[in-house]
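The values are calculated or read from the model by the stated rules, or taken from the named source; none is laboratory data. Just so it is clear, the model here is predicted, and its values are computed rather than measured. Glycine also receives a Cβ, built like all others from the backbone with ideal geometry; neighbour counts cover every protein chain displayed. For accessibility, only protein heavy atoms count, side chains too; no ligands or nucleic acids. Shrake-Rupley method; radii C 1.70, N 1.55, O 1.52, S 1.80 Å.
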Amino acid sequence: WAAPGAGLDVEKVKITLDMQRAHTVACEHISRKAGWTSHTVIVVDQSGSMRKTDVAGGATRSDAVWLTLALDFVAKQLEEGTAAATDVVSVVAMNQNSKIVVDRQPMDWLLFNRVVDLLRTQEPSFDGNYKPALDLAEKLLLNNRDGQCALTLFFLSDGRPSDKIEPGWCLGSRGYHSAMVQNRIDSLAARFGRRLTVVAVGFAGPEEDFGVLEMLASRPCKFGSIGEFRKAGLTAESLGSAFSSLVSSLTATKTELTELGGTSQRAVRDVRREAHDTADDTRLNDNWFDYFQGIQRWYWVSKEREWKKMSPHSPVAAGVAYRKKYFGEGAERLVTKFRELDAQGRFVGPLLVAKESRFQIEKDLYSSDFRKFHEVFCETQGRANKLAGVFNERLSRIPGYGPQTPHITFLECSVYLVVDNYYGEVGMLVEKQLDNTKYKKWNDNKGGVDGQVAQPEAPQSIGMGVVGAIDEEEDEENEEREDETFRNVRVQINDADIPQAFSHFTYRHSSRKMLVCDLQGVFSTSRGKPIFEFTDPVIHYSSSRGRTNVFGRTDHGKKGIQNFFKTHQCTELCRMLNRKWIRCSETAQPDISSGGGGGGRLK
């Protein structure tokens with residue numbers, strides 16, 4: 001076998017006294033688990049097959065991985081300024097037993113030198129057992145519960161697991177390995193949810209079977225985590241591309257969690273999640289908590305700024321129940337299934353979901369009145385629904401509107417209070433359960449559209465903010481078209497344009513004070529007229545008095561509005577909604593033709 005680093009080496013960085021001091025300070029912060037922005041656990045296959053010298057240029061597979069890790073993951077991020085000492089890295093060498101070779105170190109040049117040492121000293125040997133490596137990875141990932149700390153598992157292997165089959169298993173090694181890996185990765189994803197990204201990389205020739213590794217990357221998506229599989233060819237360039245993908249995913253997750261958390265460190269609740277596709281239960285069982293004491297249902301009256309009591313959905317409801325595991329997760333809340341119960345404990349009424357805070361601090365802070373925590377959410381969703389009503393009415397006036405033109409609505413929400421024997425009074429925000437198989441996000445609160453992360457270009461206007469430039473352009477457009485008359489006009493209304501047009505409309509209708517976005521839910525056609533049913537909206541509010549987070553932590557104010565317009569592409573529907581239409585009768589004057597009820601003119 002080739003010796004470690006044979007034919008491959010990279011010079012270490014000279015560590016100055018200032019670098020050493022900064023490293024010592026960073027390690028102290030890490031030991032206190034304070035201020036971590038990310039924790040990346042990298043599992044590197046160090047089984048005997050990683051000593052093969054079949055990488056382009058004659059290097060061993062192992063050396064190519066350590067070299068690429070040093071140059072394309074550590075050095076590149078430090079040189080480009082995309083990582084800092086608050087980004088924590090651990091490395092697990094996977095073979096027969098597996099061991100931690102880098103334990104929670106800050107991203108700095110001392111880490112770079114440590115990886116170079118691994119290039120020079122690591123000797124791959126024996127089997128590549130996945131289970132002990134995943135056990136160590138979980139132990140490392142559990143070190144930080146801060147909601148702003150993005151967690152990443154980067155798992156690189158050149159083949160299938162070598163773990164020995166446990167006694168009593170009769171379905172063959174492939175079935176055993178698949179079941180074992182699925183169980184371990186499901187446990188991780190169920191615990192960490194949206195904080196976790198899993199990147200699995202297969203590093204071998206084209207003939208290698210990476211079915212288990214692909215499954216390791218696909219399963220986390222069922223629990224709200226991010227998963228990605230990449231098959232890297234036996235070249236440094238291909239491997240470098242895999243590490244670049246890791247950096248991109250990590251950067252996106254860090255940005256999301258940091259923007260949400262603000263300046264405070266908020267510990268997330270240690271809960272368990274279930275797969276999105278878990279079937280609905282038809283009766284109460286041990287997977288549910290049930291309550292029959294102190295059941296109250298309240299709704300928020302925005303105009304009067306107070307809560308009012310209301311009846312349960314079902315007239316025979318005597319209690320409620322919710323699932324012990326959560327199947328969904330948003331920026332602020334966890335989602336579980338919720339049902340009303342009759343006196344015999346049978347499910348009654350519609351399918352519902354309950355939403356609770358992801359963070360422990362809110363559970364503690366609002367324990368005296370859980371309605372207070374949900375007040376901003378109810379206000380936001382109610383305000384968005386009022387704007388949807390105005391939008392629907394304006395949409396119905398556009399020539400081309402018909403019985404199959406979709407409307408927009410936001411779900412009605414209420415708060416259920418129950419008495420728990422251990423926790424006392426507990427409150428949950430409850431709304432209709434949407435079809436999870438059709439659930440989609442049409443835009444987000446950072447300018448992304450249809451689930452794509454926004455990559456805005458720099459604004460071209462000079463001497464004004466982005467929103468200022470947009471406002472001026474739209475005002476000029478209105479002035480130019482103020483006196484236009486439309487004869488025999490019929491606009492084609494595309495269903496796909498409606499969500500984005502609604503967000504734009506809310507900005508115009510509110511005199512540029514607010515914009516509703518983060519539109520997510522389902523597009524339903526099962527009840528006759530098509531309808532977009534949305535939940536969990538974000539309202540960005542541009543305050544003239546400098547107020548921030550008027551509609552909660554996800555309200556990014558003027559910056560959020562700017563991000564929307566940096567990527568928004570106006571459609572004909574946007575322009576038509578900005579006009580005032582008059583319906584014309586068949587007896588109207590000749591210059592205002594009806595076109596079968598679809599004609600009109602600008603008022």
Review point. If you take the charge dipole of the chain about its Cα centre, with +1 on Lys and Arg Cβ and -1 on Asp and Glu Cβ, which of Ala179, Val92, Ala200 is farthest toward its positive end?
Key: Ala179
Review point. Debye sum, Cα scatterers, the range 146-276, no solvent: what log₁₀ I/I(0) at q = 0.13, 0.16, 0.21 1/Å?
Key: -0.61, -0.86, -1.20
Revision key, fill the gap. Answer in debye to the nearest 20: the dipole magnitude of the range 1-136 about its Cα centre, from +1 Lys/Arg and -1 Asp/Glu charges placed on Cβ, is 260 debye
Review point. Can you give the helix-only mean residue ellipticity at 222 nm for the chain, where every DSSP H stretch with n ≥ 4 adds -39500 (n - 2.57) and the sum goes over all residues, rounded to the nearest 500 deg cm²/dmol?
Key: -10000 deg cm²/dmol
**Study point:** Among Ser157, Ile15, Asn436 - extreme Cα towards positive end, dipole of the chain, charges at beta-carbon
**Key:** Asn436
Study note, to complete from the structure: the chain: antiparallel bridges as % of DSSP beta bridges, rounded to 5, reads 65 percent
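How large a share of the accessible area of the chain, in percent, is made up of carbon and sulfur atoms when the probe is 1.4 Å and the other protein chains stay in place?
For the chain, the apolar C and S fraction of the accessible surface comes to 49 percent.
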**Study point:** For the chain, accessible area per residue (1.4 Å probe, heavy atoms of protein chains only), Å²
**Key:** 46 Å²
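Where nothing but the Cβ of Lys and Arg (+1) and of Asp and Glu (-1) is charged, how large is the charge dipole of the chain around its Cα centre, in debye to the nearest 20? Intermediate results must be reported in sequence, preceding the final value.
Working: 79 positive and 80 negative charges, 311 e Å.
That gives a dipole near 1500 debye.
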Exercise for review: Would you kindly calculate the translational diffusion coefficient of the range 59-151, applying Stokes-Einstein with the Kirkwood radius from alpha carbon pairs, for 37 °C and a viscosity of 0.692 mPa s, and quote it in µm² s⁻¹ without decimals?
Suggested key: 231 µm²/s
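Determine the gain in length on full extension of the stretch Asp420-Ile100; use 0.36 nm per residue of separation and subtract their C-alpha separation, reporting nm with one decimal. Numbers along the way, then the final one.
Values: separation 320, 0.36 × 320 = 115.20 nm, distance 4.29 nm.
Taking 0.36 nm per residue and subtracting the Cα distance, the gain is 110.9 nm.
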Check your understanding: What does the convex hull of the alpha-carbon atoms of the range 152-222 project to on average, in nm²?
Key -> 5.2 nm²
Point to revise | Computed label-point distance, nm, for sites Ala84 and Ser302 using a 7 Å Cα→Cβ extension | key: 3.7 nm
Review point. What's the percent breakdown of Cα-Cα distances in the range 220-346 across 10 Å bins, shortest bin first?
Key: 9, 25, 26, 22, 10, 6, 2
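Relative contact order, percent, of the chain when contacts are C-alpha pairs under 8 Å separated by at least 6 residues? Display every interim value, and only then the final one.
Working: 1173 pairs, mean separation 59.1, N = 603.
Dividing the mean separation by the residue count of the chain yields 10 percent.
Run through the DSSP bridge list for the range 1-129 and note the antiparallel percent, rounded to the nearest 5.
Working: 5 of 13 bridges.
Roughly 40 percent of the beta bridges in the range 1-129 run antiparallel, per DSSP.
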Point to revise | Helix 109-121 axis, angle to the chain major axis (alpha carbon atoms, nearest 10°) | key: 50 degrees
Point to revise | Degrees between helix 498-509 axis and first principal axis of the chain (Cα, 0 to 90, nearest 10) | key: 60 degrees
Revision key, fill the gap. All alpha-carbon distances of the range 97-196, grouped into 5 Å bins from 0, give the whole-percent distribution 2, 10, 18, 20, 19, 15, 10, 5, 2, 0
Practice item. Could you state the orientation-averaged shadow area of the convex hull built on the Cα atoms of the range 264-405, in nm² to one decimal? Key: 12.4 nm²
Practice item. Sort Arg579, Arg191 from largest to smallest accessible area, using a 1.4 Å probe on the heavy atoms of the protein chains. Key: Arg191, Arg579
Study note, to complete from the structure: For the range 95-202, whose charge dipole is built from +1 on Lys and Arg Cβ atoms and -1 on Asp and Glu Cβ atoms, the candidate among Asn113, Leu188, Phe126 with its Cα farthest towards the positive end is Leu188
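In the P(r) worked out for the range 1-118, what percent of Cα pairs fall beyond 23 Å? Could the numbers behind the result be given before it?
Values: 2272 of 6903 pairs.
Of the Cα pairs, 33 percent sit more than 23 Å apart.
Calculate the tail of P(r) for the chain: the fraction of all Cα-Cα distances greater than 38 Å, expressed in %. Could the numbers behind the result be given before it?
Working: 79694 of 181503 pairs.
So the pairs more than 38 Å apart make up 44 percent of the total in the chain.
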Check your understanding: What's the angle, to the nearest 10 degrees (0 to 90), between helix 370-396's Cα axis and the longest principal axis of the chain?
Key -> 60 degrees
